[in-house]
1. Say each of residue 2 and residue 66 gets a label point 7 Å from the Cα, pointing the same way as Cα to Cβ; how far apart are those two points in nm?
2. Taking loop as defined by DSSP and a crowding limit of 16 other beta carbons within 10 Å, which GluC sites (Glu not before Pro) in segment 272-352 fit?
3. With label points built 7 Å along Cα→Cβ from the Cα atoms of residue 217 and residue 150, find their separation and express it in nm.
4. Below 15 angstrom from the Cβ of residue 24, what's the summed charge of the other residues (Lys, Arg +1; Asp, Glu -1)?
5. Highest mean first, what order results for 354-361, 47-54, 23-30 on Cβ atoms within 10 Å?
6. What whole-number distance in Å separates the alpha-carbon centres of segment 53-79 and segment 207-271?
7. Picking from 124, 158, 144, whose Cα lies most toward the positive end of the charge dipole for the chain (charges on Cβ: Lys, Arg +1; Asp, Glu -1)?
8. Mind scanning 170/244; 9/321; 9/367; 257/321; 170/369 and naming the pairs with a C-alpha gap bigger than 26 Å?
Amino acid sequence: MRPVTKIEKITADILDIPTIRGHVLAMTTMTQQSFVLVRIQFSDGSCGIGEGTSIGGLSYGCESPESIASAITTYIAPMLQGQAANNVNALITRMEKVVKGNFIARSAVEMALWDGLARRLDLSISALFGGAQHASIQVAWTLASGDSARDIEEAEEMLATRRHRIFKLKIGNRSVEDDLAHVGAIAKAVAGRASIRVDVNQAWSLQQARWGAAGLQDLGVDLIEQPLAAHDRAGMAELVASHKIAIMADEALNGPKDALAMAQARAADVYAVKVAQSGGLAAAREVCAMAEAAGLGLYGGTMLECGVGSAAGLQLFATRKQMQWGCELFGPLLFKDEILATPLVYRDFDVHLPAGPGIGVELDADKTKYYRRG
Ligand code: MUC
Ligand code: MG
């Protein structure tokens, strides 16, 4: 009889990498990103890697890089070390029982568990999840330099190099009037050549959103992401019912229960599904299924992860029948350096599913060491 493979050791390291330019969001301006990299060693000599990343310290959500790393090393690792490794579902239940909240921390560990299992089976995660239905997915780029002329220049470069033709504009930091002027200038410059969408990151009141949605619709913008506070389902439902422009939920979706409630409230046309925000790959798969069952569109979201988390998201999104709105797994392109041995491929407006087992990517050991905090 083969010995049972056990979880031997779980580590979590914070890596800090500068961004290629300031990334201006409604709640913060990013000049670097901090990733939590999880590595699991198993008793048969196999390994698994995972990533848990948020945005702007504690300004985006209620987990920070430090809290993610600490939840993993202090609570999750001691509880999982020594456990049988192959029943990932049982390990997810164990984590849920002992650690409340901390979705990103649990997601990072779960990712490494799936990665390890898939590698042992010599399968990709998409194969383990039933099979990929897409070899690549159209990938958006976020224009968020804070300056309209620079954003237009960036968009032109992305179109010319066939890297992106979906642009998401970060707004909500200025008045609605100023934001409409900014979006209008970019939409006019690339009219007929790109899809323009905006992400308000919860910054608008319902009154601002009524006005903003009408203005954006007139400018030919395709979609508005999370215009209102995450909890305001009734407000989102009003926008869905009264405007033709698509309304997408992002921060409102923290796992399958939110996905069900948002669908029941008809509070979105599209779900931005984020693996970390959903609480892991398995929960994110359920969020996708709820959107599909409710007839909503799917979009593969990002917490601006490096190649590890981005590849994991891609493995999941590739298994869905349709990703109508594409994805935004461009994280690795926003940073000054790459920590994968072989970077993800961005070509002809798509990000391509890597071929290897597990998440499909390997770390560059020197780079990982170089950017490790402390
Ligand atoms: C968000 O809210 O969607 C995704 C892309 C980007 O530029 O910021 C993130 C966060
Ligand atoms: Mg968003």
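The values are calculated or read from the model by the stated rules, or taken from the named source; none is laboratory data. Computed from a prediction, not measured in an experiment: that's the story for all the values here. Cβ atoms come from the backbone with ideal geometry, glycine included; neighbour counts cover every protein chain shown. Just the protein is used for accessible areas: all its heavy atoms, side chains included, with ligands, DNA and RNA removed. Shrake-Rupley method; radii C 1.70, N 1.55, O 1.52, S 1.80 Å.
1. 4.3
2. 338
3. 3.3
4. Its environment carries a net charge of -1.
5. On the way: 354-361: 21.1, 47-54: 26.9, 23-30: 18.9.
Per-residue Cβ counts within 10 Å, averaged per peptide and sorted highest first, yield 47-54, 354-361, 23-30.
6. 28
7. Positive-most Cα among the choices belongs to 124.
8. Checking Cα-Cα distances, 9/321; 170/369 exceed 26 Å.
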